[in-house]
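Asks: For reference, the structure I am asking about is given below.
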Amino acid sequence: MGWFTSFLYSQFFVTLPEPIKDFSGQTVIVTGSNTGLGLEAARHLSRLNATLIILAVRNKGKGEAAKESILASTNRQETSIEVWDLDMQSYESIKAFCTRASTLPRLDAVIENAGIMTKYFKIVGGYESTITTNVIGTFLLVLGLLPKLKQSAKDFNIQPRLSIVSSDLHFIAKFPERHSEDIFDALNDEKSEMSMERYAVSKLLEVFGVRELASMMTKDSKPDSPSVIVNCMTPGACKSDFHRENSSIGGIIQSILDALIARTTEAGSRTLVAGIAAGEESHGAYMADCKIGEPGSLVLGTDGKALQETVWDQLIRQLEIIQPGISKNI
């Protein structure tokens, strides 16, 4: 069964299981949680008794509105949710967020949901904005939070989880930049293809990053079990405001597509919760339909491992420039 056939089967015939794991006593961070999938995932976590949910958002006012919406629907105490500033296009904001997170009594799970798709080429923080947000910023946050997650594992005898929201679209990434000596420099070419292709590439890079990071963490763990579970997942096609850049005609087309094949935002958010509810078997895995799946051909192909290592080495090089010594957090 090809990717597109599997995708359509999932969208039309798979009913995603409602989250049931009890998160009592746990502290969970959800990025991009003032709207869409992140908001609904946080709502599930509140319903599932998470002791503290941190809504990591760029717009504090919208974050507070999201908090009130969640509390109104779950009847939890106001102290069970906090709204923290986090701009995934600002390295200083990400570093400040990680510093603040280091003061938490414990950190049990992180859902990295914040991301963008744009048709406009723009350099932000030294890289094209999609790459800055979805790849550089995402893994800067991953490595910045790892020390707290590892410390929580040690102090509370738990196995924290960190899950990145990827996408089915990584299957269709053409990714011609992979043939370049410097992949991230090639992605900064203003003439390169944007919108869906660039988004697909960014999600492919996330899959590579999760797989390589998980491999390194498992090698370094004693016994052979990761102190922190790292995975990624796809929510599938969901109704959201993700395509807000579309023109009026594009918006109409997107609305038709949403009506035909898209899941509700609540249904899609179940996959996010599944990512941080999954066990050790999900370490380094790509999840689809709330279970472990197989990533695309560029990942599993004969050159996949070599490309994965190249992407990781070049990604770490960029992160070390932004925050010297951060690779030691692994």
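The values are calculated or read from the model by the stated rules, or taken from the named source; none is laboratory data. These numbers come from a predicted model, not from an experiment. Heads up, the Cβs are rebuilt from the backbone with ideal geometry, glycines too, and the neighbour counts pull from every protein chain shown. Only protein heavy atoms, including side chains, enter the accessible area calculation; ligands, DNA and RNA are left aside. Shrake-Rupley method; radii C 1.70, N 1.55, O 1.52, S 1.80 Å.
Asks: Any residue at all in the range 60-74 that is more than 27 Å from residue 209 (Cα to Cα), in contact with a Pro (Cβ under 8 Å, 6 or more places away or on another chain) and either assigned to a loop (DSSP other than H, G, I, E, B) or in contact (Cβ under 8 Å) with a residue 12 or more places away in the chain (or both)? Quick ask: steps written out before the conclusion?
Replies: Our first condition is that a residue be more than 27 Å from residue 209 (Cα to Cα); within the range 60-74, this holds for 60-74.
Filter once more, keeping what is in contact with a Pro (Cβ under 8 Å, 6 or more places away or on another chain): none.
Looking through the range 60-74, none of the residues is more than 27 Å from residue 209 (Cα to Cα), in contact with a Pro (Cβ under 8 Å, 6 or more places away or on another chain) and either assigned to a loop (DSSP other than H, G, I, E, B) or in contact (Cβ under 8 Å) with a residue 12 or more places away in the chain (or both).
Asks: So in the range 115-151, with the set limited to residues that are polar (S, T, N, Q) and within 13 Å of the chain's Cα centre (by Cα), which one is nearest to residue 216 (Cα to Cα)?
Replies: Keep residues of the range 115-151 that are polar (S, T, N, Q), which gives 118, 129-130, 132-134, 138, 151.
Restricting the remaining residues to those that are within 13 Å of the chain's Cα centre (by Cα) gives 133-134, 138.
On the way: 133: 23, 134: 21, 138: 18 Å.
Taking the candidates together, the pick is 138.
Asks: Oh, and also: Under 8 Å between Cβ atoms, at least 6 apart or on separate chains: pull out the pairs that start in the range 92-106 with a residue that is more than 17 Å from residue 51 (Cα to Cα) and open to solvent by less than 30 Å² (accessible area, probe 1.4 Å) and end on any residue that is of a type in the set (Gly, Ala, Ser) and not in a helix (DSSP H, G or I).
Replies: Qualifying pairs under 8 Å: 97/56.
Asks: Then there's this: Quick one: in the range 10-49, which of the residues that are among the charged types (D, E, K, R) and touching a Lys or Arg at 6+ places or on another chain (Cβ under 9 Å) is least open to solvent (accessible area, probe 1.4 Å)?
Replies: Of the range 10-49, the ones among the charged types (D, E, K, R) are 18, 21-22, 40, 43, 47.
Checking the rest, the ones that are also touching a Lys or Arg at 6+ places or on another chain (Cβ under 9 Å) come to 18, 40, 47.
On the way: 18: 102, 40: 36, 47: 98 Å².
Filtering first and then ranking leaves 40.
Asks: Find the residue count for the range 37-90, including only residues that are touching a Gly at 6+ places or on another chain (Cβ under 6 Å), closer than 30 Å to residue 320 by Cβ and not hydrophobic (A, V, I, L, M, F, W, C).
Replies: Looking only at that region, the number is 1.
Asks: Then there's this: What is the number of the single condition among (1) more than 28 Å from residue 25 (Cβ to Cβ); (2) crowded, with 18+ Cβ neighbours inside 10 Å that residue 120 does not meet?
Replies: Every listed condition holds for residue 120 apart from (2).
Asks: Just to be sure I understand the filter: pairs with C-beta atoms under 6 Å, separated by 6 or more residues or on different chains, first member in the range 310-330 and over 23 Å from residue 181 (Cβ atoms) and touching a residue at least 60 places away in the same chain (Cβ under 8 Å), second member open to solvent by 30 Å² or more (accessible area, probe 1.4 Å) and not charged (D, E, K, R). Which pairs pass?
Replies: Matching pairs, first to second residue: 329/147; 330/216.
Asks: Could you check how many residues of the range 75-89 are open to solvent by less than 70 Å² (accessible area, probe 1.4 Å) and either over 16 Å from residue 111 (Cβ atoms) or part of a helix (DSSP H, G or I) (or both)?
Replies: 4
Asks: Residue 216 is checked against (1) surrounded by fewer than 22 Cβ atoms within 10 Å (Cβ to Cβ); (2) of a type outside the set (Gly, Ala, Ser); (3) touching an Asp or Glu at 6+ places or on another chain (Cβ under 9 Å) and fails just one. What number does that condition carry?
Replies: (3)
Asks: For the structure I just gave you, tell me whether residue 182 is surrounded by fewer than 17 Cβ atoms within 10 Å (Cβ to Cβ) and either touching a residue at least 60 places away in the same chain (Cβ under 8 Å) or in contact with a strand residue (DSSP E or B) (Cβ under 8 Å, 6 or more places away or on another chain) (or both).
Replies: Numbers: surrounded by fewer than 17 Cβ atoms within 10 Å (Cβ to Cβ): yes; either touching a residue at least 60 places away in the same chain (Cβ under 8 Å) or in contact with a strand residue (DSSP E or B) (Cβ under 8 Å, 6 or more places away or on another chain) (or both): yes.
Here the answer is yes, as residue 182 does meet what is asked.
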